[in-house]
Amino acid sequence: MQNNHEFIAELNKILPKSQVLLNEPMKKHTTFKIGGPADFLVLPATVDEVVNVFRLIKKYQMPFTVLGNGSNVLVLDKGIRGVVVKFDDNMSYMKQVGADIVVGSGSLLKDVAKFALDFSLSGMEFAIGIPGSIGGAVFMNAGAYDGEISKIITAVTAVSLDGEVVRYHKDELEFGYRHSIFQSNHYVICEVELSLVRGDKKEIEAKMDDLTLRRESKQPLEMPSAGSTFKRPEGYFAGTLIEQTGLKGFKVGGAQISKKHAGFVVNADEATAQDVLNLIQEVQKMVFEKHGVKLHPEVRTIGE
């Protein structure tokens, strides 16, 4: 415990008090609106602050978790031990340089898409409806509607767990389906450089409006969720398999398969993380019994 007091004292020297929260309920910081408390929630605002935070984490040998917008995660009911470093509004700066834009990793994808639109830059349209931050999108190589973050990225500035700043060129990022190098090297994404192309503002806006409409008409955006719950199985669509199994609207506790799109688990009524896990298990079992296809969750589970 003494260790913790010293850690907090040092944290408060390098960050304003408003950026260090103790025993903070993670349901306030995830799109699922689920999750127990984090021992320490840290909200850095600059690359230098990230460097200093990780040097401190190393010095005190603290367990840590890195989060973006908290949109593709399920935080378990007992919460997260150690430090959660969350990239949010504090790290959401955006700069335009010709046809390139440089953004802090906490920037929301929809905000980056709108920023690109302001400068008549095309290439970010696909991301307008993806919930989440640009840092999380790089980590997962997020994509939708034939677009993918790997297609527009030129470089990423990241911080190692020793607090060393490294700039990765696109070729070094090992992008694959929902994969990047950061899933294996555990470096922390701080800043992202995107290369876009000049386009017609009205055309870009029309495409974004169309994608927004398509997403809103099909997806349960009015309810808390972590986005699409299952990875796409080879040769199938998870949502279609779940719907064909008769599970639309199926509920366990407060967690429910969305009535609007069966590929989404939603927090329908004060769901616990355990409700969501039990529901996922039931769905996996029933889909496998009916179709012989194994579904794997796309949502990351963290905490205890």
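Tell me which of these Leu279 doesn't satisfy, since it passes every other one: (1) in contact with a Gly (Cβ under 7 Å, 6 or more places away or on another chain); (2) modelled with pLDDT of 95 or more; (3) within 12 Å of Thr229 (Cα to Cα); (4) not in a strand (DSSP E or B).
Among (1) in contact with a Gly (Cβ under 7 Å, 6 or more places away or on another chain); (2) modelled with pLDDT of 95 or more; (3) within 12 Å of Thr229 (Cα to Cα); (4) not in a strand (DSSP E or B), Leu279 violates only (1).
Could you please tell me which pairs satisfy a Cβ distance under 7 Å, a separation of 6+ or placement on different chains, a first residue in region 249-278 that is more than 14 Å from Lys33 (Cβ to Cβ), and a second residue that is among the aliphatic types (A, V, I, L, M) and part of a strand (DSSP E or B)?
The qualifying pairs are Gly249/Ile257; Phe250/Ile257; Ile257/Val265; Ser258/Val266; Asn278/Val252.
Pairs, please: C-beta under 6 Å, at least 6 apart or cross-chain, first residue more than 25 Å from Thr301 (Cα to Cα) and in region 205-228, second of a type in the set (Phe, Trp, Tyr) and surrounded by 13 or more Cβ atoms within 10 Å (Cβ to Cβ)?
Note: pairs meeting the criteria are Leu211/Tyr145.
What strands (runs of 3 or more DSSP E) lie completely within region 65-111 and have 1 or more residues being crowded, with 24+ Cβ neighbours inside 10 Å? Give the derivation first.
On the way: elements: 73-75, 80-86, 94-97, 100-104.
Fully inside region 65-111 and qualifying: 73-75, 80-86, 100-104.
Right, Lys259: more than 25 Å from Met140 (Cβ to Cβ) and modelled with pLDDT under 95 or not?
Values: more than 25 Å from Met140 (Cβ to Cβ): yes; modelled with pLDDT under 95: yes.
When the stated conditions are applied, Lys259 passes them.
Looking at region 171-254, what helices (runs of 4 or more DSSP H) fall wholly within it and have at least 3 residues that are exposed (fewer than 15 other Cβ atoms within 10 Å of the Cβ) and out of contact with any helix residue (DSSP H, G or I) (no Cβ under 8 Å at 6 or more places or on another chain)? Talk me through it step by step, then tell me what you get.
Values: elements: 182-185, 201-218, 238-244.
Those helices (runs of 4 or more DSSP H) span 201-218.
Need the failing condition index for Val293 against (1) more than 21 Å from the chain's Cα centre (by Cα); (2) part of a helix (DSSP H, G or I), just the number.
The failed condition is (2).
Under the condition of being assigned to a strand (DSSP E or B) and not aliphatic (A, V, I, L, M), which residue from region 114-152 is modelled with the highest pLDDT? Don't jump to the end; show me each part of the working.
Of region 114-152, the ones assigned to a strand (DSSP E or B) are 121-122, 133, 143-144, 147-148.
Retained after the next criterion (residues that are not aliphatic (A, V, I, L, M)): 122, 133, 143, 147-148.
Working: Ser122: 94, Ser133: 91, Gly143: 74, Gly147: 81, Glu148: 87.
Per the criteria, the residue is Ser122.
The values are calculated or read from the model by the stated rules, or taken from the named source; none is laboratory data. Source: prediction; values computed, not measured. For neighbour counting, all protein chains shown are included, and Cβ atoms are generated from backbone atoms with ideal geometry for every residue, glycine included.
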